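A.B. asks: Okay, here's the structure, questions in a sec.
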Amino acid sequence: MSGVVVHVPRGSGGADGAGPHGDAVTLRLGPGEAARFGRGSVRCPVELRLDDPAVSRLAGEIRVTDDHWQLTNHSTTHSYLVENPEGAGEYLRVPPRRAGAPIPFEFSRVVLPTRGDATVSFQVFAPDHVYLDPEAMGVPWGNTTVTAYSLNETATYFLVLVALCEPRLRDQSRVAVPTTPRIVERLAGHPARAGLTARAVSSHIEYLAEEKLRLGAPDTREPGKADRRNGKREEIVGLALRFGLVREEHLALLPLRTAAGGRERQATR
């Protein structure tokens, strides 16, 4: 895979050398690269600092391989949890002194115990997974293929993507792409995503643009699009529909419309 993105939220510590309770930090690691995390010190520097007295100076290490990432627990007393925020409560427990535990989740939250009421945690995003080539499945030495756009159809970001594409899938015309408030309203009836906030929706859209669909920096996109308020959303929808990443059958993932919405949908048919 192309690498992982590690995000330490604001107030957890941040990068090594930052002040107490520093700003949020995002670190990108490619295959073969590693980052250490913990409280850190002059003698024991770390790339990701976690500001809590219960966290070891060198608590652990993240290492990226060609097709997954690994977690090493340097603690001699504490286990760490790796949760799947997009799943149904799945998690892994990495025991003390465990070296190179492979992590299978696309989204992960690494949780460290503390003496306070709240735990210390950070997120790891692994956008690209490696899959077997379906055409070579029957061949003993079939090659592996990295998918161009690796999308998890059970993830929240994919639900946001479907909501973005819904008007054009239903109308097949150049209708406006939904705004963030409209997406929040549209997904409010979803049994598992009812509490989705506008800030979370915006974060998922950024993740889709930068990591999953790799639209590129604004200066590398088509001239003029980045200047429009919803240019990024239009690019996301355009790419998803052109390559069939979101299709009409995916609309079943969205919650049922209200009675008024149902009448509107019937009228467009």
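The values are calculated or read from the model by the stated rules, or taken from the named source; none is laboratory data. All of these numbers come straight from a predicted model, not from anything done at the bench. Every residue, glycine as well, gets a Cβ built from its backbone with ideal geometry; the counts of neighbours run over all protein chains shown. Side chains included, ligands, DNA and RNA excluded: accessible areas come from the protein's heavy atoms. Shrake-Rupley method; radii C 1.70, N 1.55, O 1.52, S 1.80 Å.
A.B. asks: Quick one: accessible surface of Phe243, probe radius 1.4 Å, all protein chains present, in square angstrom to the nearest 10.
C.D. replies: Its heavy atoms expose roughly 120 Å² to the probe.
A.B. asks: Once R0 is set to 30 Å, what does the formula 1/(1 + (r/R0)^6) return for the Cβ-Cβ distance between Ser203 and Arg97, expressed as a FRET efficiency to the nearest 0.05?
C.D. replies: Efficiency, from the Cβ-Cβ distance: 0.30.
A.B. asks: Quote the convex hull volume per residue of region 80-119, based on C-alpha atoms, as a whole number of Å³.
C.D. replies: It comes to 70 Å³ per residue, whole-number rounded.
A.B. asks: In nm, what is the difference between 0.36 nm times the number of residues separating Phe243 and Arg28 and their Cα-Cα distance?
C.D. replies: Stretched out fully, the Phe243 to Arg28 stretch lengthens by 74.7 nm.
A.B. asks: Set the Förster radius R0 to 41 Å, insert the Cβ-Cβ distance between Arg57 and Thr179 as r into 1/(1 + (r/R0)^6), and round the FRET efficiency to 0.05.
C.D. replies: Calculated value: 0.35.
A.B. asks: Rounded to the nearest 0.05, what FRET efficiency do Glu210 and Val42 give with R0 = 41 Å and r taken as the Cβ-Cβ distance? Could you check?
C.D. replies: Efficiency at R0 = 41 Å is approximately 0.75.
A.B. asks: Quick one: which residues, 5+ away or cross-chain, put their amide H under 5 Å from the amide H of Ser56? H built at 1.01 Å from N.
C.D. replies: Counting only residues 5 or more places away or on other chains, the set is Arg39.
A.B. asks: Using each residue's phi in region 71-76, evaluate 6.51 cos²θ - 1.76 cosθ + 1.60 at θ = phi - 60° and report the 3J(HN,Hα) Karplus result to the nearest Hz, with x for Gly and Pro.
C.D. replies: Listing the rounded values in order: 10, 10, 9, 7, 5, 9 Hz.
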